[in-house]
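Student: Before anything else, here's the structure in question.
The values are calculated or read from the model by the stated rules, or taken from the named source; none is laboratory data. In this text the structure is predicted, and so the values were computed from the model without any measurement. In this analysis, Cβ positions are derived from the backbone assuming ideal geometry, glycine residues included, and neighbour counts consider all displayed protein chains.
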Amino acid sequence: MKNILLLTFAFVLFTACNKDETVDYVTKNDEQIQAYIAENNLTAKKSSSGLYYVIDTPGTGAQPTATSDVTIAYKGYFLNGTVFDQNTNGYTTNLQQVIKGWTEGIPYFKEGGSGILLVPAHLGYGNNDYYTIPGGSVLIFDVELISIN
């Protein structure tokens, strides 16, 4: 009986120590984005999904939908300013083939419009590492909607 109790205690202790603590990135990212907005004196709006966006220039052309083919100039970086990707010449894609933050955020702009998308992990690459992007990362994109194709 003593051995069974000892084994049970050891099992509970072992599994408790190896428990995968899942970080609540939704809450953490929201706090990080709000701090970034305050530090950088941005006037951002928040959507119901948790995406924050800043419209610097609304644009005057047509407005895309979540299924549009678009050409976008962008710079993607982390909260600390480190750039992880950019294309200033124009990247052409369908908005159904990109991260959810873009699918939702790009339609806030009209052709010729520009601004910032502040994308929490659940609308970006999630909680797992993706190439050079650490899991749970907030992604910031300076975007310009060049055209709807």
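Student: State whether the residues of region 131-149 include one that is without any contact (Cβ under 8 Å) to a residue 24 or more places away in the chain, hydroxyl-bearing (S, T, Y) and at positive phi.
Tutor: Yes, some residue in region 131-149 is without any contact (Cβ under 8 Å) to a residue 24 or more places away in the chain, hydroxyl-bearing (S, T, Y) and at positive phi.
Student: Let me ask something else. Do you know which residues across region 132-149 are assigned to a strand (DSSP E or B) and hydrophobic (A, V, I, L, M, F, W, C)? Steps first, please.
Tutor: In the first step, residues of region 132-149 are kept if they are assigned to a strand (DSSP E or B); the result is 133, 139-148.
Listed by number, the residues that qualify are I133, L139, I140, F141, V143, L145, I146, I148.
Student: Exactly one condition in (1) farther than 17 Å from A121 by Cβ; (2) modelled with pLDDT of 95 or more; (3) surrounded by 13 or more Cβ atoms within 10 Å (Cβ to Cβ); (4) in contact with a strand residue (DSSP E or B) (Cβ under 9 Å, 6 or more places away or on another chain) is false for L51; which is it?
Tutor: Here L51 clears every test but (1).
Student: I've got another one for you. Has region 57-77 got at least one residue that is over 24 Å from T27 (Cα atoms) and under 15 Å from the mean Cα position of the chain (by Cα)? Give the steps one after another, and end with the answer.
Tutor: First, pick out the residues of region 57-77 that are over 24 Å from T27 (Cα atoms): 57-75.
Next cut, under 15 Å from the mean Cα position of the chain (by Cα) only: 74-75.
Looking for residues that are over 24 Å from T27 (Cα atoms) and under 15 Å from the mean Cα position of the chain (by Cα), one finds at least one in region 57-77, hence yes.
Student: Please go through region 104-131 and give me each residue that is in a loop (DSSP other than H, G, I, E, B) and closer than 18 Å to I37 by Cβ, ordered by number.
Tutor: P120, G124
Student: Next up: Take the residues in region 35-53 that are assigned to a helix (DSSP H, G or I) and of a type in the set (A, V, I, L, M), then tell me which one is nearest to W102 (Cα to Cα). Steps first, answer last, please.
Tutor: Of the residues in region 35-53, the ones assigned to a helix (DSSP H, G or I) are 35-39.
Next, only the ones that are of a type in the set (A, V, I, L, M) stay: 35, 37-38.
Details: A35: 21, I37: 19, A38: 23 Å.
Checking each candidate, the answer is I37.
Student: Name the single residue, out of those in region 54-89 being aliphatic (A, V, I, L, M) and outside any loop (DSSP other than H, G, I, E, B), that is surrounded by the fewest Cβ atoms within 10 Å (Cβ to Cβ). If you could, list the steps in order and put the result at the bottom.
Tutor: Keep residues of region 54-89 that are aliphatic (A, V, I, L, M), which gives 54-55, 62, 66, 70, 72-73, 79, 83.
Narrowing the set further to residues that are outside any loop (DSSP other than H, G, I, E, B) leaves 54-55, 70, 72-73, 83.
Values: V54: 18, I55: 16, V70: 24, I72: 22, A73: 16, V83: 11.
It comes out as V83.
Student: Among the residues in region 116-123, are any closer than 21 Å to V26 by Cβ and out of contact with any strand residue (DSSP E or B) (no Cβ under 9 Å at 6 or more places or on another chain)? Even if it seems obvious, please write down each step before you answer.
Tutor: Just the residues of region 116-123 that are closer than 21 Å to V26 by Cβ, to begin with: 116-123.
Of the ones still in play, those that are also out of contact with any strand residue (DSSP E or B) (no Cβ under 9 Å at 6 or more places or on another chain) are 122.
Yes, region 116-123 contains at least one residue that is closer than 21 Å to V26 by Cβ and out of contact with any strand residue (DSSP E or B) (no Cβ under 9 Å at 6 or more places or on another chain).
Student: Go through region 105-119 and give me each residue that's touching a helix residue (DSSP H, G or I) at 6+ places or on another chain (Cβ under 9 Å) and over 19 Å from D85 (Cβ atoms).
Tutor: none
Student: Just the residues that are in contact with an Asp or Glu (Cβ under 9 Å, 6 or more places away or on another chain) and either over 13 Å from Q63 (Cα atoms) or without any contact (Cβ under 8 Å) to a residue 40 or more places away in the chain (or both), please, taken from region 99-118.
Tutor: Within region 99-118, the first condition is being in contact with an Asp or Glu (Cβ under 9 Å, 6 or more places away or on another chain), and the residues that meet it are 109, 112-117.
Those that are in contact with an Asp or Glu (Cβ under 9 Å, 6 or more places away or on another chain) and either over 13 Å from Q63 (Cα atoms) or without any contact (Cβ under 8 Å) to a residue 40 or more places away in the chain (or both): G115, I116, L117.
Student: Kindly indicate whether any position in region 75-88 is over 20 Å from E144 (Cα atoms) and modelled with pLDDT of 95 or more.
Tutor: We begin by selecting, within region 75-88, every residue over 20 Å from E144 (Cα atoms); these are 80.
With the extra rule that they be modelled with pLDDT of 95 or more, the set shrinks to 80.
Within region 75-88, one or more residues are over 20 Å from E144 (Cα atoms) and modelled with pLDDT of 95 or more.
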